[in-house]
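A short worksheet on the structure shown next.
The values are calculated or read from the model by the stated rules, or taken from the named source; none is laboratory data. Everything numeric in this text was worked out from a predicted model, so none of it was measured. We place every Cβ from the backbone using ideal geometry, glycine too, and count neighbours over all the protein chains shown.
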Amino acid sequence: MLLIHNPMKLVVLIPAYNEEADIEKTILNIPRKIFGIDKIEVVVVNDGSTDKTEELAFNAGADKIISHKTNMGVGAAFMTGIRNAISMNADIVTVLEAHSQFDFKQIPDLINPILNRQFDVVIGSRFSNGPPQDMPKIKQIGNKIFSKLISFMIGQKFTDTQTGVRAYSKDAISNIAIVHEFTYTQEVLIDLKFKGFTICEVPMRVSYDKKRKSRVVKNIFDYSCRVISIIIRSLIYHRPILAFGLFGVFLCAVGITAKLLTISHIQGVSVSLSSGLIILGVVNFMLGLLASVVFRRQSFTEKEVRHYLKDSKDLKRHRSIPTDADNF
């Protein structure tokens, strides 16, 4: 009887856009030997860079480089990388930012909870031990607000929901489904948490560069509006009854209040307006019920497809394993 050792493969995914100043240093600093990992491969997703990012990534030893023809957004680059990691049969995917502000010696700390089968997703938090030195106050405030909002939504406390430094298990990457190209950090957390995956944070050391300009947060107001839109859409997809129901309750409450004000002769409000608001509130709740059925059926179909693909891969791998009879 042969004992089969399944080698553990770690894919380090780096989305990059115009990162010629840092990409080479980042790739060279990635450790190529980690306890518990048999093979480490670096994948760079060049998101339509107009500088030498692709050339320098190749010279630095990236194992695979995928290039978008145009800049599609970090969310699109992330999903391109995830799809490639799945095709490469990755057991763990670690996502790093292209700049070299994080301590690469902590990559083992990031993947250990997954190697030990404790968690499915690990977030490298910059705020576990307080805010990073030299980080602008406006970014600290924004991160705190969004982290509290995401924590409230999914029922688990996080200190850093904006960081891109994370690790994902094989099952987690197979179940990621995001649709927004702008960014992915908040949507992935909401998506995987509502699908039942376990998530934790580990503290990460970071050396913040005050001169560096973010490739994603170019305008804090525009970024905030886009992220809020992503959060709302994610909530509608995963909790449609709650999302539509809350809005429906609000409309009904306004309509009922308007009717009470009219009846009490405090303020005259059109009967058609107050009745219309109540009807819209009820309709919103019904839409929530309908959306819940549709999204559940879609989720069930996705799971069936994933199970089919997994079973097909397992069968193919089983057929490739030599048996005792093959030795005679």
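For segment 86-93, the criterion of being surrounded by 20 or more Cβ atoms within 10 Å (Cβ to Cβ), at pLDDT 90 or above and touching a Cys at 6+ places or on another chain (Cβ under 8 Å) is satisfied by no residue at all. Looking for something surrounded by fewer than 21 Cβ atoms within 10 Å (Cβ to Cβ), among the aromatic types (Phe, Trp, Tyr), at pLDDT below 75 and farther than 24 Å from ASN284 by Cα - is there at least one such residue anywhere in segment 195-203? Scanning segment 195-203 turns up no residue that is surrounded by fewer than 21 Cβ atoms within 10 Å (Cβ to Cβ), among the aromatic types (Phe, Trp, Tyr), at pLDDT below 75 and farther than 24 Å from ASN284 by Cα. Looking only at residues of segment 162-175 that are under 12 Å from the mean Cα position of the chain (by Cα) and modelled with pLDDT of 90 or more, we find that the one that is nearest to MET79 (Cα to Cα) is ILE173.
Does VAL227 qualify as being assigned to a helix (DSSP H, G or I), buried (at least 19 other Cβ atoms within 10 Å of the Cβ), at pLDDT 80 or above and not hydroxyl-bearing (Ser, Thr, Tyr)? Yes, satisfied. Among the residues here, GLU55 does not qualify as of a type in the set (Asp, Glu) and under 15 Å from VAL165 (Cβ atoms). When each of PHE102, PHE158, PHE152 is tested for being crowded, with 17+ Cβ neighbours inside 10 Å, under 18 Å from the mean Cα position of the chain (by Cα) and not aliphatic (A, V, I, L, M), the lone residue that passes is PHE158.
Here ASN143 meets the list (1) under 15 Å from ILE231 (Cα atoms); (2) at pLDDT below 85 almost entirely, failing just condition (2). Cβ separations smaller than 6 Å between residues 6+ apart or across chains give the following pairs from segment 118-138 residues that are free of Cβ contacts under 8 Å to residues at least 60 places away in the same chain to residues that are hydroxyl-bearing (Ser, Thr, Tyr): PHE127/THR159.
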